[in-house]
Every structure is written in structure tokens, then in C-alpha cells.
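Down below is the structure, laid out as C-alpha cells.
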Amino acid sequence: MNFGYHEDCLDHQTGYRHPESPDRLRAIRRSLSRKHGVEYVAADPAPESAVTAVHDAGYVSAIKEFCEEGGGDWDDDTVAVEATWDAALAAAGQAMWAAERALAGDDGRDTPFALGRPPGHHAVEADAMGFCFVNNAAVAARAAIDDGDADRVAILDWDVHHGNGIHDIFYDTGDVYYASIHEDGLYPGSGDIDETGEGEGEGTTLNVPLLPGCGDADYCAAIDDFVGPEFVAFDPDLILVSAGFDAHRHDPISRMRVSTEGYGAMTTRMRDVADEADAGLGFVLEGGYGLDTLAESVTMVHEVFDGREPVEPDEEVKDRATKVFADLRDQGFGEK
Ligand SMILES: [Zn+2]
């Protein structure tokens with residue numbers, strides 16, 4: 001794969017024992033250094049105009065000023081230092097690069113993956129939250145459409161947390177389809193099945209809130225039965241995966257049971273969905289807080305595009321997932 005990576009993303013320091021640390025990127029790069037076919041690109045930071053296309057201008061001024069004055073605790077878990085704003089622009093810029101390359105036709109071994117931090121999917125229009133300042137995937141999707149490179153963009157967010165920021169930003173927008181598979185009840189508590197979009201965005205928001213304990217078979221079924229058919233019917237030019245790896249069974253902050261191999265199985269599915277939809281495919285890093293499992297899982301995604309065929313899940317879909325899937329069908333989601 002081709003990885004978007006900018007050194008400025010390391011300078012966002014979150015302090016002692018904060019799970020969202022620069023060591024996350026270091027661990028990923030160390031793991032990838034042992035693999036063939038890894039290329040790095042340092043794409044330009046996002047221009048501020050791309051950020052204000054999805055974020056409130058007053059919020060952008062406030063967070064910039066907050067960083068310029070040295071930062072501090074924006075909220076209980078969202079911490080900034082002086083370098084945070086530049087890191088956030090760099091992370092958003094890598095996401096824009098991934099979208100641009102995917103739309104330009106880079107696929108297979110050249111599939112783009114933006115390795116930025118701070119992550120983005122919790123950042124809402126006018127606030128930072130949940131370790132996120134700029135909504136990287138949302139900025140990339142909006143820019144792809146505003147620049148005329150895409151008519152429609154679909155985003156699958158498989159981070160274990162609901163990406164409330166992307167959800168909100170595109171809730172009433174018909175040209176971006178947001179789908180999230182997340183752990184029900186976990187931070188930030190949003191992402192119910194019956195939140196399906198409104199106005200022009202009606203039917204272009206899909207929330208799959210799985211109960212704790214779900215794993216590879218459940219996640220793969222959610223893609224096979226809902227995300228895949230929904231995205232193909234939406235006919236996007238670009239599919240972005242908001243790729244967090246905190247649903248991993250060894251991640252310290254969730255109770256999900258996805259394995260490293262499971263992320264590979266999910267990756268092959270999204271590659272197939274993109275092929276079927278004739279859409280570009282790019283990845284944007286979100287969460288993932290077990291350094292080893294994060295690094296292994298990103299490396300697994302890379303290896304899938306390098307020819308590896310991951311082991312298919314052999315367990316049954318759990319009853320607790322089947323119930324959620326029945327509720328989704330009642331809402332009209334799934335095979336058309
Ligand atoms: Zn997360």
C-alpha cells in the first residue's frame with residue numbers, strides 16, 4: 001500500500017498514559033518496516049478552507065487560538081499542545097491525499113492509507129471531542145465532492161466507537177453515505193438504528209450498533225448483508241474506510257472480539273464492494289489503542305493488498321447480532 005504519513009502528526013503530545021499517543025504511529029511504522037511493498041508519501045497539510053468546509057469557522061478560530069496559547073485540556077480526554085493544530089491539519093491533509101489517489105485510480109498494491117493523528121471521526125462541526133479536532137474523513141469526502149472529483153462518497157467507519165462527527169456532518173446530506181459498525185453503549189453513546197438521515201440525507205446513514213462480544217463473523221456479516229449492498233446501490237465514486245482498530249479482541253478499551261485476521265477479512269470485503277461499485281477505495285486511520293494489535297491490524301490491511309488471503313471467520317453469527325440485523329431490515333436496509 002501507499003501510506004500518507006507526515007512527521008507533524010508525531011508532535012501532537014497528549015501526555016503521560018494517554019491512549020492516543022504518538023507511539024501509535026511509531027508502532028505501525030515499525031511493523032510495516034518488516035513488509036514488502038510499503039511506500040510512504042508526506043502529503044501537504046489540509047488548507048484551512050478545506051477544514052472550514054465541514055467545521056464552523058468560529059470553532060476553527062477558537063481551537064487554533066487554544067493551541068497557539070499552548071493548549072491544555074479542551075475536555076476531559078481531548079488534550080492539545082501548541083503543535084496540535086498543525087498535526088490536525090497534517091492528518092486531514094493525509095486523508096485528502098488518500099481520497100485524491102483513490103479517485104485517480106490507485107488501487108491494488110497502490111491503495112492509499114492515511115496514517116494521521118489526531119484521529120477525526122468524533123470531531124463535530126463546532127467542537128473537538130473524543131481525542132479528535134478535525135474530522136479527517138469528513139474533510140476528505142467534502143473536498144472530493146467540492147473539487148468536482150466525486151459526485152458521491154461512501155464512508156464505512158469500523159472503529160469500535162460511533163463516529164458521531166461524520167454522522168452529524170453528513171446527516172442531512174444526500175451525497176455522502178455514512179455507515180458505522182460500533183459497540184452499542186460505548187462512547188459517545190450515539191448511533192442508533194433508527195437514525196437514518198434526514199431531508200436530502202434520508203436513508204444515507206446506516207448505524208450498526210453491535211452488542212459487546214461480537215467478532216469477525218458478525219462484522220463480516222454486517223458488511224456482506226448491509227454495508228456492501230447499501231454502498232453498491234448508492235453508487236459512490238469513492239469509498240473511504242474510517243479505519244479504527246479498537247474493536248480488536250486485545251484492544252484495552254472495548255469488549256469486541258475482532259481478530260487481526262478478521263480485519264483482513266473485512267478488508268477483502270471492502271475491496272470487493274469498491275470493485276462492484278466501480279469506486280476508488282482509501283483508508284483513513286481512526287482509533288486503536290493496543291500498540292501491538294493496532295500495528296498488526298494495519299499491517300494485515302497492507303498484506304491483503306499485497307496478495308494475502310486472510311482466513312475466513314469460521315464461527316456462526318451470534319444471536320445478539322442477528323437481532324440487530326433484523327431491526328436493520330425493518331428499517332429498509334440491506335439487499336434491495
Ligand atoms: Zn475508537
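The values are calculated or read from the model by the stated rules, or taken from the named source; none is laboratory data. Computed from a predicted structure; not experimentally measured. Please note: Cβ atoms are built from the backbone with ideal geometry, for glycine as well, and neighbour counts cover all protein chains shown.
Being buried (at least 18 other Cβ atoms within 10 Å of the Cβ), closer than 19 Å to His12 by Cβ and in contact (Cβ under 8 Å) with a residue 12 or more places away in the chain narrows it down to one residue among Ala143, Ala138, Ala102; which is it?
Ala138
Please count how many residues of the range 253-264 are touching a Ser or Thr at 6+ places or on another chain (Cβ under 9 Å), surrounded by fewer than 24 Cβ atoms within 10 Å (Cβ to Cβ) and not hydroxyl-bearing (Ser, Thr, Tyr).
1
Would you confirm whether or not the range 184-204 contains a residue that is away from the ligand (no atom under 16 Å from the Cβ), modelled with pLDDT of 95 or more and closer than 14 Å to Trp158 by Cβ?
no
Within the range 225-248, is there a residue that is farther than 21 Å from His167 by Cα, surrounded by 24 or more Cβ atoms within 10 Å (Cβ to Cβ), of a type outside the set (Val, Ile, Thr) and within 15 Å of the ligand (Cβ to nearest atom)?
For the range 225-248, residues farther than 21 Å from His167 by Cα, surrounded by 24 or more Cβ atoms within 10 Å (Cβ to Cβ), of a type outside the set (Val, Ile, Thr) and within 15 Å of the ligand (Cβ to nearest atom): present.
Could you list, in sequence order, the residues of the range 138-160 that are among the acidic types (Asp, Glu) and either closer than 27 Å to Asp225 by Cα or within 16 Å of the ligand (Cβ to nearest atom) (or both)?
Within the range 138-160, Asp151, Asp157, Asp159 meet the criteria.
Between residues in the range 271-284 that are closer than 22 Å to Ser297 by Cα and residues that are assigned to a helix (DSSP H, G or I) and not hydrophobic (A, V, I, L, M, F, W, C), which pairs lie under 6 Å by C-beta distance while being six or more apart or on different chains?
Val273/Gly228; Val284/Asn136
Just need a number here: residues in the range 32-81 that are within 21 Å of the chain's Cα centre (by Cα), assigned to a loop (DSSP other than H, G, I, E, B) and small (Gly, Ala, Ser).
Total meeting the criteria: 4.
For Ala88, state whether it is in contact with a Cys (Cβ under 7 Å, 6 or more places away or on another chain), of a type in the set (A, V, I, L, M) and either buried (at least 22 other Cβ atoms within 10 Å of the Cβ) or under 19 Å from Gly116 (Cα atoms) (or both).
So Ala88 does not fit the description; no.
Inspect the range 309-330 for any residue being of a type in the set (A, V, I, L, M) and within 16 Å of the chain's Cα centre (by Cα) and give the result as yes or no.
Checking the range 309-330: not a single residue is of a type in the set (A, V, I, L, M) and within 16 Å of the chain's Cα centre (by Cα).
Across the range 151-164, what is the total count of residues that are touching a helix residue (DSSP H, G or I) at 6+ places or on another chain (Cβ under 9 Å) and either crowded, with 23+ Cβ neighbours inside 10 Å or of a type in the set (Val, Ile, Thr) (or both)?
7
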